[in-house]
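One structure is given here, and the rest of the page talks about it.
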Amino acid sequence: MTTKNTLTSDDWIKAAFRALTAGGVQAIRAEAIARDLKVSKGSFYWHFKDVPDLKAKMLAHWAREATDAIIAEIEASAVPAQERLRLLVHAATDERSLPYGGLLTDGAVREWARFDAVAAMTLKSVDERRLGYIADLLRQCGFSAKGGRSGASALYGALIGLEALAANGLADLRADLLGLLEALLGGSTPR
């Protein structure tokens, strides 16, 4: 059996996201997650004060890893804005979400935010950061401020919807997003 000293708080957070993705926010329970990790519930209390503490740390982790770390990674590439947009699509569609529950992780956070004020506040902050970053990259590609914001909303909204479709085998998330991005970048409509 795994001991409390061999698991990190990130292991618990990833397991909690898998529980969230599979069963909703009500599935984030210390005992159930401990069973999933094959450890005693005491191990949970080694890392977290209680379940609300775990939930707060989950949200902070999600904002940091699924947004800030990706933006930092893209910016470190120091390539032109069009290529950074392509890199962003690749990052948003790669396998980094698998340890957290896969494609439906962000959707599970969105569902959580419908009923929890703290999750809603975190989600709004993440959405604003993501939209702002995409809009800024589009402006660097020559879009007006309004056009960049509109393009960012279209691309980000497509990501949200395509994740759900892809989870049911009804879309190719990366290919469809890259196609939309190329249409935005080379489209014939005024920017």
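Return yes when Glu73 is over 20 Å from Lys124 (Cα atoms) and of a type in the set (Asp, Glu) and no when it is not.
Here the answer is yes, as Glu73 does meet what is asked.
Looking at Ser125, Ser153, Ser97 in this structure, which one is farther than 23 Å from Asp172 by Cα, part of a helix (DSSP H, G or I) and hydroxyl-bearing (Ser, Thr, Tyr)?
Testing whether each residue is farther than 23 Å from Asp172 by Cα, part of a helix (DSSP H, G or I) and hydroxyl-bearing (Ser, Thr, Tyr) leaves just Ser125.
Against the condition closer than 30 Å to Leu138 by Cα and modelled with pLDDT of 95 or more, how does Glu83 come out, does it pass?
yes
List pairs: first in the range 114-135 and more than 15 Å from Met58 (Cα to Cα), second open to solvent by less than 30 Å² (accessible area, probe 1.4 Å) and of a type in the set (Val, Ile, Thr), Cβ under 7 Å, 6+ apart or cross-chain?
Qualifying pairs under 7 Å: Arg129/Thr67; Arg130/Thr67; Tyr133/Ile71.
Name the single residue, out of those in the range 132-191 being touching a Ser or Thr at 6+ places or on another chain (Cβ under 7 Å) and open to solvent by 50 Å² or more (accessible area, probe 1.4 Å), that is nearest to Arg84 (Cα to Cα).
Here the answer is Arg174.
Report yes if Arg110 is closer than 23 Å to Gly169 by Cβ and open to solvent by 30 Å² or more (accessible area, probe 1.4 Å), otherwise no.
Yes.
I'd like the full set of residues that are open to solvent by less than 50 Å² (accessible area, probe 1.4 Å), in contact (Cβ under 8 Å) with a residue 60 or more places away in the chain and closer than 24 Å to Leu37 by Cβ, limited to the range 84-106.
Tyr100, Gly101, Gly102, Thr105
Enumerate the pairs (first residue in the range 54-75 and in contact (Cβ under 8 Å) with a residue 60 or more places away in the chain and farther than 12 Å from Ala119 by Cα; second residue anywhere and assigned to a helix (DSSP H, G or I) and open to solvent by 60 Å² or more (accessible area, probe 1.4 Å)) with beta-carbon separation below 9 Å, excluding pairs fewer than 6 apart on the same chain, so at least 6 apart or on different chains.
That search, which allows pairs on different chains as well, returns Ala66/Arg96; Thr67/Ser125; Thr67/Arg129; Asp68/Arg129; Ile71/Arg129.
Given the criteria closer than 30 Å to Thr8 by Cα, within 19 Å of the chain's Cα centre (by Cα) and open to solvent by less than 50 Å² (accessible area, probe 1.4 Å), does Val118 qualify?
Against the criterion (closer than 30 Å to Thr8 by Cα, within 19 Å of the chain's Cα centre (by Cα) and open to solvent by less than 50 Å² (accessible area, probe 1.4 Å)), Val118 does not qualify.
Being open to solvent by 40 Å² or more (accessible area, probe 1.4 Å), outside any helix (DSSP H, G or I) and in contact with a helix residue (DSSP H, G or I) (Cβ under 9 Å, 6 or more places away or on another chain) is the requirement here; does Val79 meet it?
yes
The values are calculated or read from the model by the stated rules, or taken from the named source; none is laboratory data. Keep in mind that what you see is a predicted model, and the values were worked out from it rather than measured. Neighbour counts run over all protein chains shown; Cβ positions are idealised from the backbone, glycine included. Ligands, DNA and RNA are stripped out before the accessible areas are found, and what is left, the full protein with its side chains, is counted by its heavy atoms. Shrake-Rupley method; radii C 1.70, N 1.55, O 1.52, S 1.80 Å.
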